[in-house]
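The next block holds one structure in the form of structure tokens; read it before the comments.
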Amino acid sequence: MAAIITPVAWIGIIILIFGVYQQIKKSKGKAAFPKPWIIILAGFLVSWISAFALVEPSEKVVTKVDKKQEQKVAKEKEAKLKQEETEKQEEAEKQAAEEKQKQEEADRLAEEQRKQEEADRLAEEQRRQEEADRLAEEQRKQEEAARVAEEQRKQEETARLAEEQEQPANVYYKNCDAARAAGAAPIRMGEPGYGKHLDRDGDGIGCDK
């Protein structure tokens, strides 16, 4: 379009110059067109119309260029927004993964602590049970020792009584010197050899002095 309009504009300018030239010749009284102003007006109109015809497509071209530029900028903005959205999504996923890892680590530590506490509790219960068993065993041994000692005492007492019963009932000591010589002093009431002649103070024990 511009290639067709440009020569037309030049033609208009040439007509305009030619009209001015004829006007100058007319003013000098030389042969010329009778009305050179018509030529000037025609050249001016041709140039003016050509100029407007040239400007309009230029504006259209500029508008198309601007639209393409705007579309390019819009696409760049859209691509940038998509990239930012992708980066935000990746960051969110990364944070979520880190949070999940932290939670799993916290759960693992909590489980280990629970197991350790359970092991400590079982160990403490076992220690208490062992201590209770030890004390019970010591008490049983003490009771067994006391029982054995009591049985031994009873056996000794039984043996002593049996020995006393085996001694002759008709033992007689003339005096305390004889009782002491026999190893029987002091003699209690009811024991073999006791006699009132040996218990002068009457306290039930003979040869106690």
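General remarks:
- Computed as a quarter of the hull surface, the mean projected area of the alpha carbon convex hull for the range 170-209 stands at 2.3 nm².
- Positive-end ranking of Ala119, Val171, Ala185 along the dipole of the range 105-209, with charges on Cβ about the Cα centre, is headed by Val171.
- On the beta carbon distance between Trp10 and Glu70, with R0 = 30 Å, the FRET formula returns roughly 0.30.
- Calculated FRET value between Glu105 and Arg127, using beta carbons and R₀ = 30 Å, to 0.05: 0.40
The numbers here are math on the coordinates, done by the rules we state, and not lab data. Here the structure is a predicted model, which is why all the values come from computation and not from measurement. Cβ coordinates were reconstructed from backbone atoms using ideal geometry, including for glycine residues, and neighbour counts include every protein chain displayed.
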